[in-house]
Every structure is written in C-alpha cells, then in structure tokens.
Amino acid sequence: MTEKEFIERIKDLLLIEGDADIDYFIKIDSLANLILIQFYDEYFGFKLTSETLNELKTIGDLIQLIKEKLH
Amino acid sequence: MFDISIYLPEKILTNENLKLELPDWDYLKIQDKIGIRQRHIVGASETALDLAYLAAEKIVNKKNREYIDFIIFCTQSPDYFLPTTACILQDKLGLPTNAGALDFNLGCSGFIYGLALVKGLLTAGISENLLLITAETYTKHINRKDVANRAIFGDAAAAALINKHDQSKIGEFTLGTDGRGKDNLIIQNGGTRNAYDLYAQEIEYGNGNYYTKNDLYMNGPEIFNFTIENVPPLIKKNLDANKLSISDIDYFIFHQANQFMLEYLRRKIGIPTEKFCIDLAETGNTVSCTIPIALKNAYDRGVIKSRNKVMLVGFGVGYSWGAVTIEI
C-alpha cells in the first residue's frame, strides 16, 4: 500500500471529506478508535493500544506507526 | 429449548433522543457502525431486582412453582450489599423455602457462567429445576456526559427455566479469566475499597466523553483488543472440546457488545454471515442479558429450531470469558 493509497483508505474509514495529507489532523473518537484498531490488526497485524491511540494526532502519525512497527 | 422470558424497562432512549441532548453527536454514523437504534433504560426507582422479578414472573406459574429448587441470579447492580437478590426473589416469586439461592457477580460472560453452574448442579444431582436469571442496569452508573457508553448500554432482565432433562443438551464449556484487565471496565467508587465521592472530579476521555470515579468507565480500545486476542481461540477451544467444527454449528450467538466488534470477530474467525447473530438494534448492549435475549429471539423467529447446535459466547468485564455449545 502506497502512502497515497493509505491516506485514501484512512479518509474512507474515518469519513474524512475533502483533501487530506499527512499533516491532516484526525479526530479520534470512540468509534474511530475501534476502526483504527481493526484496520491495523487486519492489514498490518499489530495491536494499537489505548496509549498509542491517545498520542495520534495526524495522518502522518498513523503512517509513522507502521514504519516503526514493520521496519 | 428451555423456556426463556425477557423483561425490558418501559422507558426507551432512542438515538434521536440522545441527539436532542447532544446536537454535535453524529448518530447516523454511530447507528450504522455500532448497530444500535435504541435501548431500554430503567427509571430512577427501578432496580435489577424489579426487572428480574418481572422477567421470572412470566415463566414461574402455579404448575412449576413448587418444583423450582434453585435460583441463580447474575447482576453487577445488586439492590443491596446484602442480602443477595436471589433470596429476595425466592420470596417475591413465592418459591419453596427448600430452594437454594445465590447471586454471582459477572457482566457479559454471566449467562455462560450461569449455565456452567446450572449444569454442575444438575449433574451433581443437587437440583432438578433451576431458575437462571440475569438482570443488569448499567445505565444507572453511566455519566450523562458519557455519550460513548450511553449509546451502547441498555437495561434488561432474562430468566431461563432449566430442568434435568435439559442437562444432556448443555455441552462442554470453555471458560477463562484475566484479572489484569480489571481497570479497563470498572466502577471505582462505591464499594468497600473506595467510598462514593460526592466531590469526584469529571475526567474527559475519548474526545468529549466524561466520567467520574463514581461512574462506569470503559476503555473501549483495550476491551476491543482483549476480544480480538481472546475470542477467536476461545471459539476454537470450544469447538475442540465438543469435537465439532464451524460447519457443525447451526448458529453462533456471541455477547452482543456492538455490531462493529461482532462483525470483525465473525470475519476473523471465519463464521458465515447467515450463521452469526447480530441482535442489538432495539435493546443495545444489555451485558449478561444479551445472550438469552438473542437466543429467545432467534428461537421465536424460527432462525434456530429443535435439535440445532448453537454456540453461545460471552466475554467482557473482568476480564472474563466463556463459551458453551448447546442443543436446542
């Protein structure tokens, strides 16, 4: 999955309308928590803890997380 | 199938009602993903005992009353520290004084553990006709500004009348516990460790939800992680214990936590959609009552029939989990 594809996927999952890039601030409410946990478990095979979720601010943070876990 | 009766409080809280209180709340998104349209909630003076009594009264009648020799009652919202609610129910329902009665405190795994106790009592010959009752009123413990939990939980009671002829239809159990998860679904104050605090501070969590330590707190992400980790192996272990495979099971009834979580578990485990119960739109997550409510609804609607094999799966607060395969 390319960075562009990842951003599109996140936009779809979190119902983000309009343009978004790595600096886009994401609103992580209780439903977004569940959506992200499922997405990371299903596609990247690792667990997002509540502590990690609390630290996420932007789409770039979501991408950085994958880089740190998988490289 | 053994008789099950349900009681739901009269008061209904719809998503539209919640939206009036919280204009910024995107209820259509929640409804679509979480799968809950409304939930029944108790009034200020209504308790788990009241709900339990009204559920049990529907299946306790003149004919069977004198034969009921045990009451097992599950709640985490007892009317009193003591005596047990089961003792009060024995009197209110007019059951014989030679009946045994006990309460146990479990949440979403409660119905499975109740069935395990029932099977033990039947197998040991201690009891022949039992009343297993679950009743829960979590909404009494949820902060009004905690919309995440108000949108999920509802109140209810369920009563099941089970006798010695049902014993062989209750298959093998798989149970589990991990108390390290205690802080992730908890009411901290009001017990003997921490007194109820009149001046408890509001704490924000999950982007705009509030609770105090007197209220119910749920760490949704950690609860979801717990289910992802523990429920798939639980299903496998219970299938193995009963020498069955997924294709042998006619229907799976999981604790109805929320539709999003259930759908993901279903896909992860590989259960076909048509064999998987989603039944929480009208009642929400009623804790220990979701499984008996869904079981009764599935039977009444003809989704499951006599001789079908149904796996029941509960998981949640504790952490505590359990599964059993029954024959209808």
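The values are calculated or read from the model by the stated rules, or taken from the named source; none is laboratory data. In this text, all values refer to a predicted model and were calculated from it rather than measured experimentally. Cβ sites come from the backbone with ideal geometry, for glycine too, and all protein chains shown count toward neighbours.
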Of the numbered conditions (1) touching a residue at least 24 places away in the same chain (Cβ under 8 Å); (2) of a type outside the set (D, E, K, R); (3) within 30 Å of B:R307 (Cα to Cα), B:G206 fails exactly one; give the number of that condition. (3)
Among the residues that make up the range B:126-133, is at least one of them at pLDDT below 95, touching a strand residue (DSSP E or B) at 6+ places or on another chain (Cβ under 9 Å) and part of a loop (DSSP other than H, G, I, E, B)? no
Residues satisfying the stated conditions in the range B:264-282, i.e. buried (at least 16 other Cβ atoms within 10 Å of the Cβ) and over 27 Å from B:T14 (Cβ atoms): B:K268, B:I269, B:I271, B:K275
Residue under evaluation B:E204, criteria (1) within 14 Å of another protein chain (Cβ to nearest Cβ); (2) within 24 Å of B:E172 (Cβ to Cβ); (3) touching a strand residue (DSSP E or B) at 6+ places or on another chain (Cβ under 7 Å), criterion not met: (2)
Would you please name the residue that is nearest to A:K4 (Cα to Cα), looking only at residues in the range A:45-65 that are without any contact (Cβ under 8 Å) to a residue 60 or more places away in the chain, hydrophobic (A, V, I, L, M, F, W, C) and away from chain B (no Cβ under 12 Å)? A:I59
Checking the conditions here, which among A:I26, A:I7, A:I22, A:I35 is β-branched (V, I, T), surrounded by 16 or more Cβ atoms within 10 Å (Cβ to Cβ) and either farther than 17 Å from A:I66 by Cβ or away from chain B (no Cβ under 12 Å) (or both)? A:I7
How many residues are more than 12 Å from chain A (Cβ to nearest Cβ) and among the acidic types (D, E) when one looks only at the range B:212-262? 4
For the range B:125-142, the count of residues that are in contact with a Gly (Cβ under 8 Å, 6 or more places away or on another chain) and either in the same structural domain as B:T286 (by TED's automatic domain parsing) or of a type in the set (S, T, N, Q) (or both) equals 3
So A:E42 fits all but one of (1) farther than 24 Å from B:Y205 by Cα; (2) more than 12 Å from chain B (Cβ to nearest Cβ); what number is the exception? (2)
Sole exception among (1) at pLDDT below 95; (2) in contact with a Lys or Arg (Cβ under 8 Å, 6 or more places away or on another chain); (3) crowded, with 23+ Cβ neighbours inside 10 Å for B:R144, by number: (3)
Of all residues being hydroxyl-bearing (S, T, Y) and within 22 Å of the chain's Cα centre (by Cα) in the range B:1-37, which is surrounded by the fewest Cβ atoms within 10 Å (Cβ to Cβ)? Just the residue, please. B:T14
Exactly one of B:A135, B:A124 is aliphatic (A, V, I, L, M) and either buried (at least 23 other Cβ atoms within 10 Å of the Cβ) or under 30 Å from A:D29 (Cα atoms) (or both), and that residue is B:A135
Do we find a residue being closer than 30 Å to B:Y27 by Cα, under 22 Å from the mean Cα position of the chain (by Cα), assigned by TED's automatic domain parsing to the domain that holds B:T84 and crowded, with 17+ Cβ neighbours inside 10 Å anywhere in the range B:177-197? no
Qualifying positions in the range B:239-291 - in contact with a Phe, Trp or Tyr (Cβ under 8 Å, 6 or more places away or on another chain) and at positive phi: B:G284, B:V287
